[in-house]
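> What follows is a single structure, and I will ask about it in a moment.
The values are calculated or read from the model by the stated rules, or taken from the named source; none is laboratory data. Note that this is a predicted model, so its numbers are computed, not measured. Methodologically, a virtual Cβ is constructed for each residue, glycine included, from the backbone with ideal geometry; neighbour enumeration extends over all protein chains shown.
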């Protein structure tokens, strides 16, 4: 292997041209492109021998399967004696032998078309996938582009309704803030909440705060803490967690050995969770083996399919995949995002619950992040992210999130834009503050009742309104850690937490925490893709299966859900926006009767039918008095008189201006809509062939209107006009197009089609 020297590597990562390839001045446009966020990423060419190929590596085996006496004796080009531990586990536990020979004889392209075909049911596809080898599965999805994968995912998702998972952490590991954030996450609609720790010994308190806070937000939210697996299991056995997804699997044996694990040990751990009523998902994802140095020349997707078959063989409900923390590695390669989505689709086709990644930071580019997200958000997955941070990024102990608290409104608007369910619901600020306080007060009460280091009122008050943990006081971490150790080593469980909540007046929260313990005994939520609704009714692939099979079928955002998604707090009532404005005391318009054609050189200022009456301000928030005064000043400064008329028969700017020009003694007029758009028109020209047009009303200043008035006078006297001062605001249309529409509608309502143009006397008191 030949490594670049430091200067060469620096040049590569800085996206500079190789020396000598550019002989002329550098392009300023390319310089700007080099400074874009997307070019902070590193992109590399494929290197299959190192495992740096996402799909269809030349090292991938050809699909094959031989069954003898009810036993797989050859698979994907390797005979049984050549099987590694992963092959052996898959052969013994993950492939359904009944019908396997027939399934493997199907053409890969034909199976790929079954995935997309709305006339082929999910069950039929799953029956085929259940009998395919890893190489055949990788080959099948290799035929699909991302649009086809999205079509397939809409059908293959296991639960009918998508959901989302929250990450809830903070740098100071303050339990009051954890509980407040957990409560808000539940209120916002997250079906699951996950936390982790900066200091591992804080895990018992973090799990406790998450459990209590989540049940304040919405009864039935499931919680977990991501920590070392043995500790994770101990906390679950205490009743402080209801699911786990920390069981990592890898597609090569050397990668497994790095973690001192085997497929069998992971399966045993999953069984331990299940035996205690704890839902479990495995974690896998493209790129992990190459990152660890053990890609072994196979494609990332082929290795991930091996992982997914191990998950299936271990009897787990599902998987957290989508490359997860390795996402930047497949994204550095061609086909990276497509390959990551392919692994999500394979998991669903194997009948597994899919928490589809989109949690770890994937890109500097907001456009690229969103493009990747849409692959899962549009068709829906069981959990669209494996953790949408409800905190600011600096408080995310998972290494920084792809989407965090500051992205909540964007997420809600995307749902509203596309009538899709991304798992979240709009909330009102006052409701959030109340639920945050209740969450913080509940964990404060538990700490007090159980003799833990007290949570002060100051901490609670800070947690309610905090942006980040910087807004909270520091706690005595030594005392907290000692108390957390004692709690972990004691025989106290979630039942003691229930009693503490009940004694301190939080009866409803106590009942929810107790019900979570009862549900663990029942075990109904150990079915694939299980979540609870607010009434603790299980929704899973068994009782709410995804029945999508083309238009008109499957889950549709409608009814009460659609009403909730539509009603984001920032949505304004258009009827209020269209209400007539109060009169402006700085402008008086006296009606003088029908306007007559002028006989002397002049400039007519023709205004729209709502001007100065039901509308009094422009889109630039300038009063009509100010605007009209500036125009008149500009005209008079060039030595001509101004005459003001009102056009009643229409609201089109060209028609307003031309109507004024036809009445002007000079043939020159200014047309002015009530929202501020203006032009200079000349008698005899076609309606749309004006002399000057100021179309961007939000960018106009009083000086713009003053110069426009002066220019009209210059045209009337055959002199050269002056440049109109303009500011540039490319975002004005985004901000104001709704206001533009409603203001213009208000003007249109004032039209009197058969009323002549009216002469006005203008006074500025």
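> Given (1) surrounded by 13 or more Cβ atoms within 10 Å (Cβ to Cβ); (2) modelled with pLDDT of 95 or more; (3) assigned by TED's automatic domain parsing to the domain that holds residue 640, identify the lone condition not met by residue 615.
Looking at each condition in turn, residue 615 falls short on (2).
> Where residues in the range 570-580 are surrounded by 13 or more Cβ atoms within 10 Å (Cβ to Cβ) and assigned to a loop (DSSP other than H, G, I, E, B), which of them is modelled with the highest pLDDT?
Among residues in the range 570-580 that are surrounded by 13 or more Cβ atoms within 10 Å (Cβ to Cβ) and assigned to a loop (DSSP other than H, G, I, E, B), the one modelled with the highest pLDDT is 580.
> I would also like to ask the following. Identify, by number, the condition in (1) outside any strand (DSSP E or B); (2) more than 28 Å from residue 151 (Cα to Cα) that residue 73 doesn't meet.
Condition (1) is where residue 73 drops out.
> Within the range 288-347, can you find the residues that are within 26 Å of residue 526 (Cα to Cα) and assigned to a loop (DSSP other than H, G, I, E, B)?
314, 315, 316, 317, 321, 322, 323
> Can you tell me which residue among 318, 285, 251 is at pLDDT below 95 and surrounded by 24 or more Cβ atoms within 10 Å (Cβ to Cβ)?
One residue alone meets the criteria, 285.
> Looking at the range 558-569, which of its residues are under 19 Å from residue 381 (Cα atoms) and either surrounded by fewer than 12 Cβ atoms within 10 Å (Cβ to Cβ) or in the same structural domain as residue 217 (by TED's automatic domain parsing) (or both)? Let's see the steps before the verdict.
The initial filter retains those residues of the range 558-569 that are under 19 Å from residue 381 (Cα atoms), namely 558, 561-562, 565.
Residue satisfying the conditions is 558 alone.
> Now for a different question. Looking only at the range 666-688, which residues are farther than 17 Å from residue 623 by Cβ, in a loop (DSSP other than H, G, I, E, B) and without any contact (Cβ under 8 Å) to a residue 60 or more places away in the chain?
667, 683, 684, 685, 686, 687, 688
> Is it the case that some residue within the range 470-484 is surrounded by 15 or more Cβ atoms within 10 Å (Cβ to Cβ) and farther than 21 Å from residue 203 by Cα?
No.
> Between residues in the range 545-557 that are surrounded by 18 or more Cβ atoms within 10 Å (Cβ to Cβ) and residues that are not in a loop (DSSP other than H, G, I, E, B), which pairs lie under 6 Å by C-beta distance while being six or more apart or on different chains?
Once the first residue is surrounded by 18 or more Cβ atoms within 10 Å (Cβ to Cβ) and sits in the range 545-557, its partners that are not in a loop (DSSP other than H, G, I, E, B) give 548/154; 548/155.
> Could you tell me whether the range 518-525 includes any residue that is in contact (Cβ under 8 Å) with a residue 24 or more places away in the chain, touching a strand residue (DSSP E or B) at 6+ places or on another chain (Cβ under 6 Å), crowded, with 18+ Cβ neighbours inside 10 Å and part of a helix (DSSP H, G or I)?
yes
> Return yes when residue 46 is in contact with a strand residue (DSSP E or B) (Cβ under 7 Å, 6 or more places away or on another chain) and modelled with pLDDT of 60 or more and no when it is not.
Details: in contact with a strand residue (DSSP E or B) (Cβ under 7 Å, 6 or more places away or on another chain): yes; modelled with pLDDT of 60 or more: yes.
For residue 46, the condition - in contact with a strand residue (DSSP E or B) (Cβ under 7 Å, 6 or more places away or on another chain) and modelled with pLDDT of 60 or more - is met.
> Is it true that residue 183 is touching a strand residue (DSSP E or B) at 6+ places or on another chain (Cβ under 7 Å), under 20 Å from residue 239 (Cβ atoms) and in a helix (DSSP H, G or I)?
Details: touching a strand residue (DSSP E or B) at 6+ places or on another chain (Cβ under 7 Å): no; under 20 Å from residue 239 (Cβ atoms): yes; in a helix (DSSP H, G or I): yes.
Against the criterion (touching a strand residue (DSSP E or B) at 6+ places or on another chain (Cβ under 7 Å), under 20 Å from residue 239 (Cβ atoms) and in a helix (DSSP H, G or I)), residue 183 does not qualify.
> Another question about this same structure. Which pairs do you get when a residue that is within 15 Å of residue 211 (Cβ to Cβ), found in the range 495-508, comes within reach of a residue that is surrounded by fewer than 22 Cβ atoms within 10 Å (Cβ to Cβ), reach meaning Cβ atoms under 6 angstrom, with the pair 6+ apart or on two chains?
Matching pairs, first to second residue: 498/514; 500/449; 500/450.
> Return the only residue of 458, 442 being within 35 Å of the chain's Cα centre (by Cα), surrounded by fewer than 14 Cβ atoms within 10 Å (Cβ to Cβ) and in contact (Cβ under 8 Å) with a residue 12 or more places away in the chain. Steps first, please.
Numbers: 442 fails: surrounded by fewer than 14 Cβ atoms within 10 Å (Cβ to Cβ).
Answer to the selection: 458.
This table checks each residue for (1) surrounded by 14 or more Cβ atoms within 10 Å (Cβ to Cβ); (2) closer than 16 Å to residue 673 by Cα; (3) outside the structural domain of residue 581 (by TED's automatic domain parsing); (4) modelled with pLDDT under 90.
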residue: 721; (1), (2), (3), (4): yes, no, no, no
residue: 727; (1), (2), (3), (4): no, no, no, yes
residue: 730; (1), (2), (3), (4): no, no, no, yes
residue: 737; (1), (2), (3), (4): no, yes, no, yes
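> May I pose another question? With respect to residue 709, is the statement that it is touching a helix residue (DSSP H, G or I) at 6+ places or on another chain (Cβ under 8 Å), crowded, with 22+ Cβ neighbours inside 10 Å, touching a residue at least 24 places away in the same chain (Cβ under 8 Å) and part of a helix (DSSP H, G or I) true? Steps first, please.
Working: touching a helix residue (DSSP H, G or I) at 6+ places or on another chain (Cβ under 8 Å): yes; crowded, with 22+ Cβ neighbours inside 10 Å: yes; touching a residue at least 24 places away in the same chain (Cβ under 8 Å): yes; part of a helix (DSSP H, G or I): yes.
Criteria met by residue 709.
> Residue under question is residue 77, and the condition is that it be modelled with pLDDT of 95 or more and surrounded by 16 or more Cβ atoms within 10 Å (Cβ to Cβ); does it hold?
Working: modelled with pLDDT of 95 or more: yes; surrounded by 16 or more Cβ atoms within 10 Å (Cβ to Cβ): no.
Here the answer is no, as residue 77 does not meet what is asked.
> Find the residue count for the range 203-235, including only residues that are surrounded by fewer than 22 Cβ atoms within 10 Å (Cβ to Cβ) and part of a helix (DSSP H, G or I).
The number of residues fulfilling the criteria is 5.
> Among the residues that make up the range 378-394, is at least one of them out of contact with any helix residue (DSSP H, G or I) (no Cβ under 8 Å at 6 or more places or on another chain), crowded, with 20+ Cβ neighbours inside 10 Å, within 18 Å of residue 170 (Cβ to Cβ) and at pLDDT 95 or above?
Scanning the range 378-394 turns up at least one residue that is out of contact with any helix residue (DSSP H, G or I) (no Cβ under 8 Å at 6 or more places or on another chain), crowded, with 20+ Cβ neighbours inside 10 Å, within 18 Å of residue 170 (Cβ to Cβ) and at pLDDT 95 or above.
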